[in-house]
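Following: one structure in structure tokens, then a few remarks.
The values are calculated or read from the model by the stated rules, or taken from the named source; none is laboratory data. Here the structure is a predicted model, which means the values were calculated and not measured. When we count neighbours, we look across all protein chains shown, and the Cβ atoms used for this are built from the backbone with ideal geometry, even at glycine. Protein only, heavy atoms only, side chains kept; ligands, DNA and RNA dropped before computing areas. Shrake-Rupley method; radii C 1.70, N 1.55, O 1.52, S 1.80 Å.
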Amino acid sequence: MSQTEDSPPAARRVLLLAHTGREAAREVALEALEALTAQGIVVRLLDDEAADLGVDASRPGVELTTSADDASRDCELTLVVGGDGTILRAAEITRASGTPILGINLGHVGFLAEAEHDDVASTIAAIVARAYTTEDRMTLDVRVLRGGEEVARTFAVNEASVEKASRQRMLEVVVEIDGRPLSRWGCDGVVCATPTGSTAYNFSAGGPVVWPSVEALLMVPISAHALFARPLVAAPDSLLAVEVLDRAEGAGVLWCDGRRAVDLPPGARIEVRRGASPLRLVRLTDSPFTDRLVAKFGLPVAGWRGAAERRSRHLETVPTGEGP
């Protein structure tokens, strides 16, 4: 039945996910729960996380669910308390619904998070006032084939990395871009990343930092023994492929976001392309990515005179008000 003018407005709902193994995350999650429910917003929790928080279904304004796959249904956003790992878990849970994710960082770097743990009050105020925007980020769709048959299918937000399964054995691979072979590498692995993931494993492997607004796919070899083994930036609609050579002695393993693993026997083929479903992140400010890089990595910018020089030029053009 459709809602009429006399019908009460539909309840607002927020899915709350937290790294409940950390005391600080539990405290922040409970603070957020109290603040949201006090404003009439229903808070949905996974039942196991609710137990960790000491919350049950009798608490006013709280809903519990046992289904992680359907947890974000009818929720306007998912509020995540933890680090990037917790946000990546939220990406798995909200993938089907496309519910936007707002992260409160309690991790080390927290590139995916929009707020810090001491911003809880202002974050809740923004949710209540709907004073936020959403930003779509590229994801990856990943297939594993063996003998031409698909044996696994998954996705990634940051990266899909093909790695050697044994420390003693080097991985022998041929990499391919858009259906054409590019190079053969003996290596520890290959990282295929999104711009969002450029500051994650890609960064540690020596790949470039790419602004999230840039649409591109990245491929970076890990400790490759080859003349042409450089980080590559391909078109957003390219198909990246890594083939584990049949005659190679070492098997491999595919890791997606460091969370989902698929064993790769010799002869396996891994195909990576732009994901059909983007990740939706909540933005509370329009601060540039440059500022985020400086803040997250603690980059030295002392001595920068850009702002002072702009002010100086501005003052030179402002009339003094004095006549001739």
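Would you pick out the residues in the stretch 296-317 that are open to solvent by less than 60 Å² (accessible area, probe 1.4 Å), at pLDDT below 60 and closer than 30 Å to residue 111 by Cβ?
Across the stretch 296-317, the qualifying residue is only 308.
Considering only the stretch 39-58, I want to know if a residue exists there that is assigned to a loop (DSSP other than H, G, I, E, B), open to solvent by less than 60 Å² (accessible area, probe 1.4 Å), at pLDDT 95 or above and in contact with a helix residue (DSSP H, G or I) (Cβ under 8 Å, 6 or more places away or on another chain). Give the derivation first.
Taking the stretch 39-58 as the starting set, the residues that turn out to be assigned to a loop (DSSP other than H, G, I, E, B) are 39-41, 54-58.
Applying the additional criterion that residues be open to solvent by less than 60 Å² (accessible area, probe 1.4 Å) yields 40-41, 55.
Still in the running and at pLDDT 95 or above: 40-41, 55.
From what is left, the residues that are in contact with a helix residue (DSSP H, G or I) (Cβ under 8 Å, 6 or more places away or on another chain) are 41, 55.
Among the residues of the stretch 39-58, at least one is assigned to a loop (DSSP other than H, G, I, E, B), open to solvent by less than 60 Å² (accessible area, probe 1.4 Å), at pLDDT 95 or above and in contact with a helix residue (DSSP H, G or I) (Cβ under 8 Å, 6 or more places away or on another chain), which makes the answer yes.
Considering only the stretch 200-243, state which residues are touching a residue at least 60 places away in the same chain (Cβ under 8 Å), surrounded by fewer than 21 Cβ atoms within 10 Å (Cβ to Cβ) and within 19 Å of residue 112 (Cβ to Cβ).
Listed by number, the residues that qualify are 209, 211, 212, 213, 215.
Restricting to the stretch 246-267, name every residue that is open to solvent by less than 20 Å² (accessible area, probe 1.4 Å) and modelled with pLDDT under 95.
248, 250, 252, 264
If a residue counts only when it is farther than 17 Å from residue 252 by Cα and not small (Gly, Ala, Ser), which strands (runs of 3 or more DSSP E) contained entirely in the stretch 146-230 have at least 1 such residues? Full working, then the answer.
Working: elements: 149-156, 159-164, 171-177, 180-187, 189-193, 217-222.
Answer list for the stretch 146-230: 149-156, 171-177, 180-187, 217-222.
If you take the residues of the stretch 17-38 that are part of a helix (DSSP H, G or I) and small (Gly, Ala, Ser), which of them is nearest to residue 125 (Cα to Cα)? Before the answer, list the steps.
The initial filter retains those residues of the stretch 17-38 that are part of a helix (DSSP H, G or I), namely 23-38.
Next, only the ones that are small (Gly, Ala, Ser) stay: 24-25, 29, 32, 35, 38.
Working: 24: 21, 25: 19, 29: 15, 32: 10, 35: 9, 38: 12 Å.
By that ranking, first place goes to 35.
Out of all the residues in the stretch 163-179, is one or more touching a Ser or Thr at 6+ places or on another chain (Cβ under 8 Å), open to solvent by 10 Å² or more (accessible area, probe 1.4 Å) and without any contact (Cβ under 8 Å) to a residue 60 or more places away in the chain?
Taking the stretch 163-179 and keeping what is touching a Ser or Thr at 6+ places or on another chain (Cβ under 8 Å), we get 174-175, 177-178.
Those left that are additionally open to solvent by 10 Å² or more (accessible area, probe 1.4 Å): 174, 177-178.
Now narrow it down to the ones that are without any contact (Cβ under 8 Å) to a residue 60 or more places away in the chain: none.
No - not one qualifying residue is present in the stretch 163-179.
Return the total of residues in the stretch 255-293 being in a strand (DSSP E or B) and closer than 22 Å to residue 146 by Cβ.
Taking the stretch 255-293 as the starting set, the residues that turn out to be in a strand (DSSP E or B) are 255-256, 260-264, 268-274, 279-283.
Right, trim to closer than 22 Å to residue 146 by Cβ and you get 255-256, 260-264, 268-273.
Adding up the residues that qualify gives 13.
Consider residue 80 carefully, then state whether it is of a type in the set (Val, Ile, Thr), touching a strand residue (DSSP E or B) at 6+ places or on another chain (Cβ under 6 Å), more than 30 Å from residue 297 (Cα to Cα) and crowded, with 16+ Cβ neighbours inside 10 Å.
Details: of a type in the set (Val, Ile, Thr): yes; touching a strand residue (DSSP E or B) at 6+ places or on another chain (Cβ under 6 Å): yes; more than 30 Å from residue 297 (Cα to Cα): no; crowded, with 16+ Cβ neighbours inside 10 Å: yes.
In short, no.
Which one is farthest from residue 17 (Cα to Cα), of the residues in the stretch 74-92 that are outside any strand (DSSP E or B) and touching a Ser or Thr at 6+ places or on another chain (Cβ under 6 Å)?
To start, the set of residues in the stretch 74-92 that are outside any strand (DSSP E or B) comprises 74-76, 83-92.
Narrowing the set further to residues that are touching a Ser or Thr at 6+ places or on another chain (Cβ under 6 Å) leaves 75, 90.
Working: 75: 12, 90: 7 Å.
Selected residue: 75.
Can you name every residue in the stretch 6-23 that is over 19 Å from residue 76 (Cα atoms), among the small types (Gly, Ala, Ser) and surrounded by 13 or more Cβ atoms within 10 Å (Cβ to Cβ)?
So in the stretch 6-23, the residues over 19 Å from residue 76 (Cα atoms) come out as 6-7, 19-23.
Those left that are additionally among the small types (Gly, Ala, Ser): 7, 21.
If the condition is that a residue be over 19 Å from residue 76 (Cα atoms), among the small types (Gly, Ala, Ser) and surrounded by 13 or more Cβ atoms within 10 Å (Cβ to Cβ), then no residue fits.
Quick check on residue 187: is it under 25 Å from the mean Cα position of the chain (by Cα) and open to solvent by less than 70 Å² (accessible area, probe 1.4 Å)? If you could, list the steps in order and put the result at the bottom.
Working: under 25 Å from the mean Cα position of the chain (by Cα): no; open to solvent by less than 70 Å² (accessible area, probe 1.4 Å): yes.
Taking the combined requirement at face value, the residue does not satisfy it.
Would a scan of the stretch 106-118 turn up a residue that is open to solvent by 60 Å² or more (accessible area, probe 1.4 Å) and in a strand (DSSP E or B)? Break it down into steps so the answer makes sense when it comes.
Filtering the stretch 106-118 down to residues open to solvent by 60 Å² or more (accessible area, probe 1.4 Å) leaves 108, 116-118.
With the extra rule that they be in a strand (DSSP E or B), the set shrinks to 116.
Yes, the stretch 106-118 has at least one match.
If you go through the stretch 245-254 one residue at a time, do you hit one that is in contact with a Pro (Cβ under 8 Å, 6 or more places away or on another chain), under 27 Å from residue 148 (Cβ atoms) and without any contact (Cβ under 8 Å) to a residue 24 or more places away in the chain?
Among the residues of the stretch 245-254, at least one is in contact with a Pro (Cβ under 8 Å, 6 or more places away or on another chain), under 27 Å from residue 148 (Cβ atoms) and without any contact (Cβ under 8 Å) to a residue 24 or more places away in the chain, which makes the answer yes.
Can you list residue pairs whose Cβ atoms sit under 8 Å apart, with the first residue in the stretch 62-79 being more than 22 Å from residue 282 (Cα to Cα) and the second being in a loop (DSSP other than H, G, I, E, B) and not hydroxyl-bearing (Ser, Thr, Tyr)? Count only pairs 6 or more apart in sequence or on different chains.
Cβ pairs passing all conditions: 62/55; 62/56; 63/57; 64/56; 64/57; 65/71.
Where the second residue is open to solvent by 10 Å² or more (accessible area, probe 1.4 Å) and assigned to a helix (DSSP H, G or I) and the first is over 23 Å from residue 159 (Cβ atoms) and of a type outside the set (A, V, I, L, M, F, W, C) and lies in the stretch 100-129, which pairs have Cβ atoms under 8 Å and are six or more apart or on separate chains?
Once the first residue is over 23 Å from residue 159 (Cβ atoms) and of a type outside the set (A, V, I, L, M, F, W, C) and sits in the stretch 100-129, its partners that are open to solvent by 10 Å² or more (accessible area, probe 1.4 Å) and assigned to a helix (DSSP H, G or I) give 117/24; 117/28.
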